[in-house]
1. Using the count of nearby Cβ atoms within 10 Å as a rough guide to exposure, how do Thr45, Thr8 rank from fewest to most?
2. Thinking of the chain as a set of Cα atoms, what percent of all their pairs are more than 20 Å apart?
3. What residues qualify as long-range amide H neighbours of Gly11, i.e. H under 5 Å apart, gap of 5 or more or another chain, H built at 1.01 Å from N?
Amino acid sequence: MQAHIVGTFEGWEPKSRFKLDNGQVWVVVDDHSAYVAATRDPPVTIEKGLFGAYYLSVDGLNSKARVKRVQ
């Protein structure tokens, strides 16, 4: 699935929440962090992994976060 994060994005930490332009809200469920220069409404991809896990990747960032949909 492809969408955009609504607002300013500076990376993630455990338990970071992201609201997407399609109304969905996702929360980071792993213990990794990633930081980037602030950007506005970046495009993201959410892909299904093994054992029902989902991974969020942000265009231009060479890292993925394991996420869970909360809304």
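1. Neighbour counts put them in this order, fewest first: Thr8, Thr45.
2. Considering the chain, 16 percent of its Cα-Cα pairs are separated by more than 20 Å.
3. Those qualifying (amide H under 5 Å, at least 5 residues apart or on another chain) are Val36.
Read-outs throughout are calculated quantities, based only on the coordinates presented, and are distinct from any laboratory measurement. Here the structure is a predicted model, which is why all the values come from computation and not from measurement. Positions of Cβ are generated from backbone atoms using ideal geometry, with glycine treated the same way; all protein chains shown enter the neighbour counts.
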